[in-house]
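Comments concern the structure below.
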Amino acid sequence: MLNGEFPKNVLVIGWVWPEPKASAAGDHMLSILQLLKAQGCQITFASPAQKTDLSAPLESIGVHCQAIEVNDASFDAFLQQLNPDLVVFDRYMMEEQFGWRVEKVCPDAIRVLDTEDLHSLREYRQQQAKAGSNNDNTALSENAQLHSDKGIREVASIYRCDLSLIISKAEFELLQNTYQLPQSILHHLPFCLPQAHKSKVASQETPEFEQRKDFITIGNFRHPPNWDSVLWLKKLWPEIRRQLPGVNLHIYGAYLPKKASELHNQKQGFLVHGWVDDAYEVMQQARVCLSPLHFGAGLKGKLLLAMSAGTPSVTTAVGAESMTDDQWPGLLAESDNEIAQSAVELYTNKSAWQSRHELSLMIAQERYGSDQWGQNLVDAIAQISADVDRHRSGNFVGQILRHQHHRATQFMSQWIEAKNKLSKLQDE
């Protein structure tokens, strides 16, 4: 037992290798790793995924990297040698795959789940949006999300962990009030501003109205809400452009597919650029960020980026969810006409733009620039480490789920492992 001391030997099991320049999730994971390093932790980041050109050089910040395999006993040997006292699962899929092995080899290790967002909620909203676009009057009930296979899997994974990190206040309340999860195993940890942006936000060193031009949107093209938003913007843009001739819309994002690059139209001012190395730089050059979202979950990294750059935004209620407490640093709209008119209004009305510009920087600094969020997490983990057994005794449902899930997952994993070994022997 750690007797209240913060765990020093940390293993993070990643769904992917963090890509902070490609996604908000990658930036969020990097901030967690930096927080753990600040506590003097020795960190090992392990993942079964392949690294990409956009993967962060974790070794440069003192994080050891380890490739691992699913359904393979080599992970058990690796785990036994490392003997971590804190294990962080990056999304519920990693807890499902490796959680039973962690409990078997390192039963006293504190287990933390970084949810990023509720995948089941995003999927449910996507189904709702699709049903709406097809004029289907049969509305999906809330139970469709609560009782979906993915929803059940996510909630079960949260129950099996000692603490789960929830970035959205709305999702925190959903888990607590609707799913009835105990607050003791939930922790609200929103996005935090990168250190490089904090000083700029604090000094308000961002371009003013006259120094900016054009619209911008940004987002990883592999993320379904982002691609849907680009298609929506393609539909909206002719009306905006008609009222603002000569103004362009710049579209940035990692993993640009051919179907997106084919939307590029220089004559219409619909400019699809793909990935950009410095998203903050292009964001602060734009006058307005356009980010209409039909569906999504969690917090929206592109909108936090806009706030930190002092760039007012036009988005929907889904986009703004949990990002602020009340006032939006831009305009909210839902219909095609409302979004187009809001975009034109914010782009041309200097007074309206200026007030939202100032509000953007204020929210970015006060809500996302504080170090208190990180300290709260450190305190929560330290409190659990003071008496892990007592903490777990208050989560009886979690004990039941670990008992049942780990048996089923263990047997399935061992069956796959045996099958793979047999296949290799037959190939020799």
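The values are calculated or read from the model by the stated rules, or taken from the named source; none is laboratory data. Since we're looking at a predicted model, the values are computed, not measured. Heads up, the Cβs are rebuilt from the backbone with ideal geometry, glycines too, and the neighbour counts pull from every protein chain shown. Just so you know, the surface numbers come from the protein's heavy atoms only, side chains and all, with ligands and any DNA or RNA stripped out. Shrake-Rupley method; radii C 1.70, N 1.55, O 1.52, S 1.80 Å.
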Distant-in-sequence amide H partners of Cys65 (H built 1.01 Å from N, under 5 Å)
Phe45
Taking θ as phi - 60°, what are the ³J(HN,Hα) couplings along the stretch 363-378 by the Karplus curve (6.51, -1.76, 1.60), each to the nearest whole Hz, with x for Gly and Pro?
5, 4, 6, 6, 9, 10, x, 7, 7, 5, 4, x, 5, 4, 5, 4
I need the phi-derived Karplus couplings for the stretch 81-88: 6.51 cos²θ - 1.76 cosθ + 1.60, θ = phi - 60°, integer Hz, Gly and Pro marked x.
6, 6, 6, x, 9, 9, 10, 10
Of the candidates Phe191, Gln327, Ser229, the farthest towards the positive dipole end of the chain (Lys/Arg Cβ +1, Asp/Glu Cβ -1, centred on the Cα centre) is Ser229
Given the peptides 52-62, 102-112, arrange them by the average over their residues of other C-beta atoms within 10 Å, most packed first.
102-112, 52-62
Computed ³J(HN,Hα) along the stretch 227-240: with the Karplus parameters 6.51/-1.76/1.60, θ = phi - 60°, integer Hz and x for glycine or proline, the list is 5, 4, 5, 4, 5, 5, 5, 4, 6, 7, 4, x, 6, 5
In whole percent, and with a 1.4 Å probe on the protein chains, what portion of the accessible area of the chain is carbon and sulfur?
49
The chain - accessible surface per residue (Å², probe 1.4 Å)
45
Quick one: Cα convex hull volume of the stretch 1-110, Å³ per residue?
97
Given backbone amide H placed at 1.01 Å from N, residues whose amide H is under 5 Å from that of Gly269, ignoring those fewer than 5 places away on the same chain, are none
Show the residues, 5+ positions off or on another chain, whose built amide H is closer than 5 Å to the amide H of Leu186.
Ser164
So what are the radius of gyration and Dmax for the Cα set of the chain, in Å?
22.8, 74
Within a Cβ distance under 12 Å of Cys289, other residues only, what is the Lys/Arg minus Asp/Glu net charge?
+4
Among all the lysines, which ones have a C-alpha under 24 Å from Lys302's C-alpha, if same-chain residues fewer than 8 places away are not counted?
Lys21, Lys51, Lys130, Lys169, Lys198, Lys200, Lys213, Lys234, Lys235, Lys258, Lys259, Lys350
Total formal charge among the other residues, if their Cβ is under 13 angstrom from that of Ile32, Lys/Arg +1 and Asp/Glu -1
-2
Total charge of the residues flanking Asp85 in space, meaning their Cβ is under 13 Å from its Cβ, with Lys and Arg +1 and Asp and Glu -1, is -1
